[in-house]
Amino acid sequence: MQMPLDSPSYLDDQALLAQFAKGDRDAARNLTLRFTPRLMRYAIRMLSDRLEAEDVVQETMLRLWHQAPLWQAGGAKIETWLYQVASHLCIDRLRKRKKGFSVSLNDIDEPGDEQPTAEAGLMEKDRQIALYKAIDLLPERQRQAIVLRHIEDLGNGEIAVIMGIGIEAVESLIAWAKRNLAAILAGRQDELMKDEVH
Amino acid sequence: MRKANLDDFFAQARSQPPEVSFDLQSRILSDAFLMQDQWARKAAPINSSNLWFDVAKHFFAELGGAMSISSVLAAALSGMWVGFAPPAALADVFPAFLTTQQSDIFDLLPSDNEFQ
């Protein structure tokens, strides 16, 4: 049965991957829909460059396709494995890169319709840019930990597996990252919180 | 900056994930379908009722299909034609390869017996 690209599948990740390995085209579509938004969000937060983030996401999914026939059911979570691969690819690119922050306004989606005024929408975009710039200034490992914890909303245990470190090390990285972010953003606090002053 | 403010920043970032372009999704799906097609080709069963035909079909598919086979055949036939009926321009060149000529033989490793 042909399914439209945006139809959800109710199979779990491993069952979908097993179906993909048997040649099921719909399983390929569902896996793509399920994982690419999360990977794209993670890669763009790490790299601050949409084109590079797209390359990382495509390469990560390609490795999943290669791995599908060899995947052992009941083993590691597919999501965790994907974040591990994407992390390695992002860190490789960060180390090769010499340029700095490159997020532009165009990389940030427009605020939703619930924004009451155009000015409020601009403030929100401004806050996001400020956060991305601050994250971009963090050391790689702190950036990775803070993005996985507070933007991807993963648990410390899962982050420890992705980063290949202990849970205490993850907690320490996150604490340092938050301290550094607060310090960076503190200089602009009044400007960014202007609309909350009544 | 207070912790609550930093959490607001994160909550906003989580609420507006970047869009995945249709172009990226298409590229990812193309990779997936290509992989599945490769697996299907390798796993295609051999029909035992026509074994030689199926073996030949798989062999030619691995070589690159009809285009590659036709190129190889054309090269082979050209070579045979040149061998049996060489063009006039090659008439002087071929005898040197086709006829046997006496050669001088030099013993580069003379026997040790000469020194005994």
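What follows draws every value from the coordinates through simple rules; no lab data is involved. These numbers come from a predicted model, not from an experiment. Positions of Cβ are generated from backbone atoms using ideal geometry, with glycine treated the same way; all protein chains shown enter the neighbour counts.
Karplus-based coupling profile of segment A:88-96, in residue order and whole Hz: 4, 5, 5, 5, 4, 5, 4, 5, 7, with θ = phi - 60° in 6.51 cos²θ - 1.76 cosθ + 1.60 and x standing for Gly or Pro.
Provide the FRET efficiency to the nearest 0.05 for the B:SER68-A:GLU140 pair, computing r from the beta carbons and using R0 = 45 Å. Show your work: numbers first, answer last.
Values: r = 48 Å, r/R0 = 1.06.
It comes to 0.40.
Relative protection proxy for A:31-43, B:31-43, A:150-162, from highest mean packing down: A:31-43, A:150-162, B:31-43 (other beta-carbon atoms within 10 angstrom). A cut-off of 5 Å between modelled amide H atoms, ignoring neighbours fewer than 5 places along the same chain, links A:SER48 with no other residue.
Volume of the convex hull of segment A:36-84 (Cα atoms only), normalised per residue: 63 Å³. Distance from the Cα centroid of segment A:139-173 to that of segment A:11-36 is 27 Å (rounded to whole angstrom).
Calculate the FRET efficiency for A:ARG34 and B:PHE53 from the Cβ-Cβ distance with a Förster distance of 41 Å, rounded to the nearest 0.05. List each step's numbers first, then the result.
Numbers: r = 43 Å, r/R0 = 1.04.
The computed FRET efficiency comes out at 0.45.
Note on A:THR80 and A:ALA183: with the Förster distance fixed at 35 Å, the Cβ-Cβ geometry gives a FRET efficiency of about 0.65.
Shielding value for A:29-36 is 4, the average number of Cβ atoms from other chains within 10 Å of each residue's Cβ. Ordering A:173-186, B:68-81 by mean Cβ neighbour count within 10 Å, with the highest value first, yields A:173-186, B:68-81. Each residue of segment A:139-156 was assigned a 3J(HN,Hα) from its phi angle through the Karplus curve 6.51 cos²θ - 1.76 cosθ + 1.60 (θ = phi - 60°); the sequence is x, 3, 5, 5, 4, 4, 5, 5, 5, 5, 7, 9, 10, 7, 6, 8, x, 4 Hz, with glycine and proline shown as x.
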